[in-house]
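A quick write-up on the structure given underneath.
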Amino acid sequence: MSDPVVDHLLARQDDILRDLKTLLRMPSVSADPAFAQGMADAREFLADRLTAIGMENVQMLDGGGQPAVYGDWLHAPGKPTLLVYGHYDVQPADPLDQWTTPPFEPTERDGKLYARGASDVKGSTLIAIESAASLLSVEGKCPLNVKFFLEGEEETGSPSLRTLIERYRDLLDADAVLSADGGRASREVETINTGARGTNKLEFTLRTAAGDLHSGRYGGAVRNALHEMAALIATLHDSQGRVAVAGFDSDATPLTNQQRADTAAFPFDEAAFLAEVGALGHGDPQFSMRERITLRPCLDVNGMWGGYIGAGSKTVIPAEAHAKISIRVAAGQDPKRVLDAVIAHLKSHCPDGVELTIDRAGGDSPASTLAPDHPLVQAAERVLKGETGQRPIHVRLGASVPITSIFKETMGMDTLMFGFNLPDEPVHAPNEFFRLESIPKGLTAWPKILRELATFEPAAFKA
């Protein structure tokens, strides 16, 4: 049966694509102050568009960093209130010489739209805005109350988000969050993202002497900080890749039969996955590779350094060695407790006489989880099953999305990631693209999920 709102959206695809290209030409790189004008231009573009489609209270929210763009439509009494999330900032385009076409000049090629931010996440953000626009244009109303919150610091870790929530709590309060960020897990099968791993970080230093020493005079007689670091790092995993930290996964929620079945049903070729990046497989053999990268915690060394790394040689015995570690935590885990377990392991395995200093720890963010019967999940299932006739597979992200845990922690709001970008669109890398076929898919699904969410009582979202 024809849907007038969807028909209206699909008839406007050329206009929507034109506007998306305009937004993509604005270099809104939040990490680099040199792009301040691009950030300002993107904010103004989005604020103007929200105003034009009928959103009210359109304003910039200042949290001390890059402002967020806000607008609302609150004329559906008794219906749920939904916070629609997106972000307008993008990653730096470097290295520029690896782009086939300029990163901020959107280019169509082979059914793909190439530009920095096309996939992450301006394409999906504009789909969300235009869906609300057509509902208001065709039906004169939205099926539920809508608040748009378009962040400008997602690509730098959302450093001002907590301040924004403190300052604008009443403005941002809603029953749930529908995010244009997050994306789909597969082009071949429909999926619903029901969560993401959390994260924590650690940087530490080992010292073995007061200063670097001449290797001819002291070699064979004193400890080498880099040797000690390599040995200490090696204690973090066993030979198969299992994390060897005592209690590392003790609070992880056990995998359910349904989770394992959904993971097994997801089309995933382990050999192709490794071959694509020229990597070697490693990890706990009692879990499949797909389970390890989405459902299980992990610990990785991100960098090790010390001594002389310049041109030529310098025959020294380094007195200091440094390392950075990242931790991904699974559902049920307390990221601070896991970090404490890693620190305790480092202390207990550090050789006597070697000085261990924790230089920086923190940035903890717990995993996020949506229950299978949550209204957000039920609504997404109805929409996606209606499109394909098949139940969408429930998946989790292996990466971490700070907003999901922060909104839950500070405001008790759950988040469903309902973006339409795909994992093979090289976000954060040269030649990022957004598939043009994803635009009509998103424009078809977003009005429908807004209608489905409107069928629930507000209290159901926080039951």
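The values are calculated or read from the model by the stated rules, or taken from the named source; none is laboratory data. Note that the structure is a prediction, hence the values are computed from the model and not measured. Every residue, glycine as well, gets a Cβ built from its backbone with ideal geometry; the counts of neighbours run over all protein chains shown. Just so you know, the surface numbers come from the protein's heavy atoms only, side chains and all, with ligands and any DNA or RNA stripped out. Shrake-Rupley method; radii C 1.70, N 1.55, O 1.52, S 1.80 Å.
As an exercise, find the ratio Rg/Rh for the range 137-232 from alpha-carbon atoms, using the Kirkwood inverse-distance average for Rh.
Result for the range 137-232 is an Rg/Rh of 1.30.
Cα axis of helix 438-453 to longest principal axis of the chain: angle in degrees, 0 to 90, nearest 10?
Here the helix axis deviates by roughly 70 degrees.
Using a 1.4 angstrom probe and counting only protein chains, how large is the accessible area of V316 in Å², to 10?
V316 has an accessible surface of roughly 40 Å² with all protein chains in place.
Enter the accessible area per residue of the range 319-460 (Å², integer; probe 1.4 Å; all protein chains in place).
That works out to 39 Å² per residue.
Going from most exposed to least, what order do E228, E425 have by accessible area with a 1.4 Å probe?
From most exposed to least exposed: E228, E425.
For the chain, take N as its residue count and report Rg(C-alpha) divided by 2.2 N^0.38 Å.
Scaled against compact globular proteins, the figure is 1.07.
Testing the spin-label approximation: label points 7 Å from Cα along Cα→Cβ at F273 and D7. State their distance in nm.
According to this spin-label approximation, the distance is 4.4 nm.
With r as the distance between the Cβ atoms of K441 and R18 and R0 = 25 Å, compute the FRET efficiency 1/(1 + (r/R0)^6) and round to 0.05.
0.85
Restricting to Cα pairs below 8 Å that are 6+ residues apart, what does the relative contact order work out to for the range 1-68? Please round to a whole percent.
After rounding, I find 17 percent.
Please report the accessible area of Y218 (heavy atoms, 1.4 Å probe, ligands and nucleic acids excluded) in Å², nearest 10.
80
Could you give the length gained on full extension between M60 and A265, defined as 0.36 nm per residue of separation minus the Cα-Cα distance, in nm?
Full extension of this stretch gives 69.4 nm more.
Sequence gap at least 6, Cα distance under 8 Å: using those rules, report the relative contact order of the range 251-332 to the nearest whole percent.
34
Give me the three principal axis extents of the range 344-406 from the C-alpha atoms, as integers in angstrom, largest value leading.
Here the spans come out as 65, 21, 16 Å, largest first.
How much accessible area per residue does the range 123-231 have, in Å², with a 1.4 Å probe?
37
Cα to Cα, under 19 Å, and not fewer than 8 places away if on the same chain: which lysines meet these conditions relative to K385?
Correct list for K385: K441, K448.
Run the paramagnetic zone check for M304: 7 angstrom along Cα to Cβ, then residues of the range 347-377 with backbone nitrogen under 18 Å.
Taking a point 7 Å out along Cα→Cβ of M304, the residues of the range 347-377 whose backbone N falls under 18 Å are 347-352, 354-359.
Could you give the size of the charge dipole of the range 379-455 about its Cα centre, using +1 on the Cβ of each K and R and -1 on the Cβ of each D and E, expressed in debye and rounded to the nearest 20?
300
Using a ≥ b ≥ c from the Cα gyration tensor of the range 191-251 (square roots of the eigenvalues), is it rounded, prolate or oblate, where a/c under 1.5 gives rounded and otherwise the larger of a/b and b/c decides, a/b for prolate?
prolate
Ignoring ligands, DNA and RNA, what percent of the accessible area of the chain is carbon or sulfur (1.4 Å)?
The C+S portion of the solvent-accessible surface of the chain is 50 percent.
Relative to 2.2 N^0.38 Å, what does the C-alpha radius of gyration of the range 1-137 come to as a ratio? Two decimals please.
Dividing the Cα radius of gyration by 2.2 N^0.38 Å gives 1.13.
Using a 1.4 angstrom probe on the protein heavy atoms only, could you order E153, E409 from most to least accessible area?
Order by accessible area, largest first: E409, E153.
Give me the percent relative contact order of the range 326-425, please, defined on Cα pairs under 8 angstrom at least 6 residues apart.
Computed value for the range 326-425: 26 percent relative contact order.
If you roll a 1.4 Å probe over the heavy atoms of the protein chains, what accessible area per residue do you get for the range 239-299, in Å²?
That works out to 58 Å² for each residue.
Regarding the range 1-63, what's the average projected area of the Cα-atom convex hull, expressed in nm²?
6.0
Is the range 394-436 best put as rounded, prolate or oblate by its Cα gyration tensor, with a ≥ b ≥ c the root eigenvalues, rounded for a/c under 1.5, and otherwise prolate when a/b is larger than b/c, oblate when not?
prolate
If you count only protein heavy atoms and use a 1.4 Å probe, how large is the accessible surface of R207, to the nearest 10 Å²?
70
Which order do the peptides 231-244, 176-189 come out in when sorted by mean C-beta neighbours inside 10 angstrom, highest first?
176-189, 231-244
Mind giving me the nanometre distance, one decimal, between the label points for E188 and T410, set 7 Å out from Cα along Cα→Cβ?
The two pseudo-label positions are separated by 4.0 nm.
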